[in-house]
Amino acid sequence: MQLTLEQIQVNREGFSLQASGTFRQGVHLLTGRVGSGKSTLGEILGSVLEPESGMVTKEGIRTSVLSMQFPEYHITTTTVKEEILSWGHDPDLVLKTAGLSGREPDDILTLSRGELKRLHLACLLLGRYDLMILDEPFAGLDEEARYWISSHLSDDHDRIIIIISHDITTLPRIDHLWEMQDGVLLDIGEIPGSLHSWKTAPHLIRYLLKNDSDLSGLSWKDLAEAVCRIHG
Amino acid sequence: MISLNSIRCGCLSIPHLSIEPGLVAITGPNGSGKTTLLEAIAGIQLPAQGSILINTIRPREATIGWVGEFPDLNMTFTRVIDEIASTLRFSHQPCRMIDESVHELTTTLNLEPLLDRPVRTLSGGEKVLTALAAALITKPDILILDETDSHLDASTLRSIDAIIRDANVPHVLFATHRPDRVASADRVIVMRGGEILREGNPDEVFMKSFHGSDHLSPLRSLRDPALWRAVHATDS
């Protein structure tokens, strides 16, 4: 199973995006500064946006889903129960998973944005998708929900999961790292092998790499263990 | 000082809360009442019971700057310059004064190259800067940032933090889930179920948060304000 981008190009209003690379089974992190083109690339990977040139090739991928930053964009019904049923899931199971038991009859727009995001992600994680693109899945979520998602994704390496995120403290085990720099997709490489060559790593990762040569990955467990080794 | 007494407002139930001037982080689980608290302090929501005073005046008599999680959703105008000037224009300030204020603020924030750009063509960080400028141009008594950091990278956030620190707004209140942001505050308010669970400086709140059982306790090291101070000290 793999997703290949060949010389993808998008140009719009002063912004241009270029991407080539192959996403194989496993968990990928796509990071980069705000405005660097991550979400646009996510839309291309999720077949929502057609590139102006280049080719997207999917091998062995039968089902795919794109989770957008705004959970409101995914709403298609009026109540919590109807929304869950629209995904083809058991409402009790989804609500238990999302920590929202008892909210079945509620108007979906009475949920807070964080609650709505939890509901949406629970529906998504309980489905079977060969390719999942999660655009800022942790944004707006409390700590418990972020670690809940992370633990679900950590055990799931038999499909292609692409996480677009700035939040470096709650990641699952990451197999491969990509970065968007000014509209260009860079293949940083496998984790942990390429950690030390990640020139634009976030402040926390740079600090850990500087003080702990044994940093073995980007999952929250790896980071927590590295901090413990440094600070005791 | 912001004083809340006997507040009941939606899910909020706060017998008493005093917020001293400074940078205050408000954190807590989804649905715990963070946004409702901020909306009550901003005068967007009126409490069913109780009183809120900002020094000696009520919220709707105070000047409030608000920047939301997705700032462009609340923008009224197409061009950056019109959005930034909008509050002063709505309050019928003289055109010359408005032009001077926009020029002075956007020079400080390095926003001048963006002034004629349509808002929709801006990056996420530029949109936040535009919303921040629109909020700061009124010289607010309180600046509120409701999970504005959710979608921003660390470098963009550090630029925005520096602007906020230099803006000399008496009260800056920001809702956040990020441990690095909590560590950067002068004071922290932790909410749960519409109530104030804890309040104190980042170290005090961090120490108290691990009394009793906590199934996320292995993460303790990543929440420690001392870690984030060390990270920022190394990097600056």
(message) Could you check segment A:139-162 and list, in sequence order, the residues that are away from chain B (no Cβ under 14 Å) and either closer than 24 Å to A:Leu41 by Cβ or small (Gly, Ala, Ser) (or both)?
(response) A:His152, A:Leu153, A:Asp156, A:His157, A:Asp158, A:Arg159, A:Ile160, A:Ile161, A:Ile162
(request) Output the number of the condition that A:Asp187 fails; it satisfies all remaining conditions of (1) open to solvent by 50 Å² or more (accessible area, probe 1.4 Å); (2) part of a helix (DSSP H, G or I). (result) (2)
(message) Tell me yes or no: at least one residue of segment B:141-148 is in contact (Cβ under 8 Å) with a residue 24 or more places away in the chain and at the interface with chain A (Cβ under 9 Å from one of its Cβ atoms).
(response) yes
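Being under 14 Å from B:Val231 (Cβ atoms), assigned to a helix (DSSP H, G or I) and open to solvent by less than 70 Å² (accessible area, probe 1.4 Å) is the filter here, so list the residues in segment A:190-221 that pass it.
Here is the first cut: in segment A:190-221, the residues under 14 Å from B:Val231 (Cβ atoms) are A:201-212, A:215.
Next, from what is left, pick out any that are assigned to a helix (DSSP H, G or I): A:203-211.
Within segment A:190-221, A:His203, A:Leu204, A:Ile205, A:Tyr207, A:Leu208, A:Leu209 qualify.
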(message) I want to confirm something. Restricting to segment B:103-113 and keeping residues that are under 28 Å from A:Asn11 (Cα atoms) and over 23 Å from the mean Cα position of the chain (by Cα), which single residue is least open to solvent (accessible area, probe 1.4 Å)?
(response) B:Glu112
(message) Any residue that is within 14 Å of chain A (Cβ to nearest Cβ), surrounded by 22 or more Cβ atoms within 10 Å (Cβ to Cβ), more than 20 Å from A:Leu204 (Cβ to Cβ) and hydroxyl-bearing (Ser, Thr, Tyr) - is there at least one of those in segment B:120-127?
(response) no
(request) Identify, by number, the condition in (1) assigned to a loop (DSSP other than H, G, I, E, B); (2) more than 14 Å from every other protein chain (Cβ to nearest Cβ); (3) in contact with a strand residue (DSSP E or B) (Cβ under 8 Å, 6 or more places away or on another chain); (4) of a type outside the set (Phe, Trp, Tyr) that A:Thr77 doesn't meet. (result) (3)
(message) Any residue at all in segment A:135-156 that's buried (at least 24 other Cβ atoms within 10 Å of the Cβ) and part of a strand (DSSP E or B)?
(response) no
(message) So A:Ser112 passes all but one of these: (1) in contact with a Gly (Cβ under 6 Å, 6 or more places away or on another chain); (2) open to solvent by less than 10 Å² (accessible area, probe 1.4 Å); (3) small (Gly, Ala, Ser). Which condition number does it fail?
(response) (2)
(request) Could you list all residues from segment A:86-134 that are assigned to a loop (DSSP other than H, G, I, E, B), within 14 Å of chain B (Cβ to nearest Cβ) and either within 25 Å of A:Arg159 (Cβ to Cβ) or not charged (D, E, K, R) (or both)? (result) A:Gly99, A:Leu100, A:Ser101, A:Gly102, A:Leu111, A:Ser112
(message) Quick check on segment A:24-41. Is at least one of its residues away from chain B (no Cβ under 14 Å), open to solvent by 20 Å² or more (accessible area, probe 1.4 Å) and among the β-branched types (Val, Ile, Thr)?
(response) no
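Quick check on segment A:87-107. Is at least one of its residues of a type in the set (Phe, Trp, Tyr) and over 22 Å from A:Phe138 (Cβ atoms)?
If we filter segment A:87-107 for residues that are of a type in the set (Phe, Trp, Tyr), which is where we start, we get A:87.
Filter again for over 22 Å from A:Phe138 (Cβ atoms), leaving none.
Scanning segment A:87-107 turns up no residue that is of a type in the set (Phe, Trp, Tyr) and over 22 Å from A:Phe138 (Cβ atoms).
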(message) If a residue counts only when it is surrounded by fewer than 17 Cβ atoms within 10 Å (Cβ to Cβ) and under 15 Å from the mean Cα position of the chain (by Cα), which strands (runs of 3 or more DSSP E) contained entirely in segment B:1-86 have at least 1 such residues?
(response) B:22-27
(message) Being under 20 Å from the mean Cα position of the chain (by Cα) and open to solvent by 50 Å² or more (accessible area, probe 1.4 Å) narrows it down to one residue among A:Glu72, A:Glu59, A:Glu52; which is it?
(response) A:Glu72
(message) What's the number of the only condition in (1) on the phi < 0 side of the Ramachandran plot; (2) surrounded by fewer than 21 Cβ atoms within 10 Å (Cβ to Cβ); (3) away from chain B (no Cβ under 14 Å) that A:Glu83 fails to meet?
(response) (2)
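The values are calculated or read from the model by the stated rules, or taken from the named source; none is laboratory data. Worth saying up front: this structure is predicted, and the values here are computed from it rather than measured. Methodologically, a virtual Cβ is constructed for each residue, glycine included, from the backbone with ideal geometry; neighbour enumeration extends over all protein chains shown. Just the protein is used for accessible areas: all its heavy atoms, side chains included, with ligands, DNA and RNA removed. Shrake-Rupley method; radii C 1.70, N 1.55, O 1.52, S 1.80 Å.
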